[in-house]
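A.B. asks: I am attaching a structure below and will ask some questions about it afterwards.
The values are calculated or read from the model by the stated rules, or taken from the named source; none is laboratory data. Bear in mind the structure is a predicted one, so any value in this text is a computation, not a measurement. Only protein heavy atoms, including side chains, enter the accessible area calculation; ligands, DNA and RNA are left aside. Shrake-Rupley method; radii C 1.70, N 1.55, O 1.52, S 1.80 Å.
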Amino acid sequence: MIQTRKAEEKDIQAIAEIYSRIHTAEENGEAVIGWQRGIYPERETAEAALKRDDLFVMTDDGVIVGAVILNRLQVDVYEQGAWEYPADPEQVMVMHTLVVDPQRKGKGYGSRFVQFYEEYALQNGSPYLRMDTNERNTVARALYHKLGYKEIGVVPCVFNGLAGVNLVLLEKKL
C-alpha cells in the first residue's frame, strides 16, 4: 500500500540514501537532474526540512520510495518570476526537492507526490502552487506539464550552492 506521511527522524537515513542514488545515477549518465553530490541535496537538506516540519516521505508497503519538502518558502529568485497568478505569500504552497528512488522509477510515485502536494496545499488554504526545476531536468518538466503546471520563465542563478543553474519556474492555480 502506498502512503505519504510526515517524515520522522528514523527516515533520514533512507532519504539520504535516495539522494545518494540519484547523484550516482546522474554521475553515471543515467539521469539528468542538475544536482551535484556534496552540494545539493544532501543529508543536511533532509535534516533541515525535518526540523522545519515540512519533510514528507512516500512509502510502498512500508519502504520509503521518495521524499518531498512542502512549505510556503519561496526561493529568492521567485521574485524575478512573471507569475500569471499574483498571490499573497500565505496563499502559495511551494514544492521543493521531490525525489523518487531511481531503483523504483516508472511506478507513478512522482505523479502521486504531486497529487499529494495539491491536496496538502488546498487543505492548508494555498490554492496557488509554485515550484522549480533545473532546465536540464526534462523528465520532471514533462511530468509537471502533463499534470497541468505552466512554465512561466527561466531564471539563471546560483541555486542551493550550484552555480550556472537555469531554473525553470512553474505554477498552477487549483
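A.B. asks: Give me the accessible area per residue for the stretch 46-174, probe 1.4 Å, as a whole number in Å². Walk me through the numbers on the way to the answer.
C.D. replies: Working: 6260 Å² over 129 residues.
Solvent-accessible surface per residue comes out at 49 Å².
A.B. asks: Please list, ordered by chain and number, the residues whose modelled amide H lies under 5 Å from the amide H of Val65; skip anything fewer than 5 residues away on the same chain.
C.D. replies: When sequence neighbours closer than 5 places are left aside, the close amide H contacts are Met58, Thr59, Asp60.
A.B. asks: Could you tell me the extents of the stretch 110-165's C-alpha atoms along the three principal axes, largest first, rounded to whole Å?
C.D. replies: Over the stretch 110-165, Cα extents along the principal axes are 36, 21, 18 Å.
A.B. asks: Further, regarding this structure: Note down the Stokes-Einstein diffusion coefficient of the stretch 57-108 in µm²/s, whole number, using a Kirkwood radius over alpha carbon pairs, 37 °C, and 0.692 mPa s.
C.D. replies: Details: Rh = 13.3 Å.
It diffuses with D of about 247 µm²/s by this estimate.
A.B. asks: Here's a follow-up. Report, by chain and number, residues whose modeled amide H sits under 5 Å from the one on Ile2, excluding near sequence neighbours (fewer than 5 apart, same chain).
C.D. replies: Hits under the 5 Å cutoff: Asp61.
A.B. asks: Eigenvalues of the Cα gyration tensor times 5, then square-rooted: what semi-axes does that give for the stretch 49-158, in whole angstrom, largest first? Spell out each step's value before the answer.
C.D. replies: On the way: eigenvalues 104, 59, 34 Å².
For the stretch 49-158, the semi-axes come out at 23, 17, 13 Å.
A.B. asks: Residue-wise, which Karplus ³J(HN,Hα) couplings in Hz belong to the stretch 151-160, taking 6.51 cos²θ - 1.76 cosθ + 1.60, θ = phi - 60°, and x for glycine or proline?
C.D. replies: Karplus values, whole Hz, x for Gly and Pro: 6, 9, x, 10, 10, x, 6, 9, 10, 6.
A.B. asks: HN-Hα J couplings of the stretch 163-170 from phi, Karplus 6.51/-1.76/1.60, θ = phi - 60°, integer Hz, Gly and Pro as x?
C.D. replies: Computed from phi, the couplings for the stretch 163-170 are 7, x, 8, 9, 8, 8, 9, 10 Hz.
A.B. asks: Pop out the carbon and sulfur fraction of the accessible area of the stretch 23-166 as a percent, whole number, probe 1.4 Å. Mind dumping the intermediate values first?
C.D. replies: Working: 3520 of 7350 Å².
Roughly 48 percent, rounded to a whole number.
A.B. asks: Once you've got the Cα coordinates, tell me which of Lys105/Lys150; Lys146/Lys173; Lys10/Lys107 are over 18 Å apart. Mind dumping the intermediate values first?
C.D. replies: Values: Lys105/Lys150 24 Å; Lys146/Lys173 15 Å; Lys10/Lys107 24 Å.
Violating the 18 Å limit, Cα to Cα: Lys105/Lys150; Lys10/Lys107.
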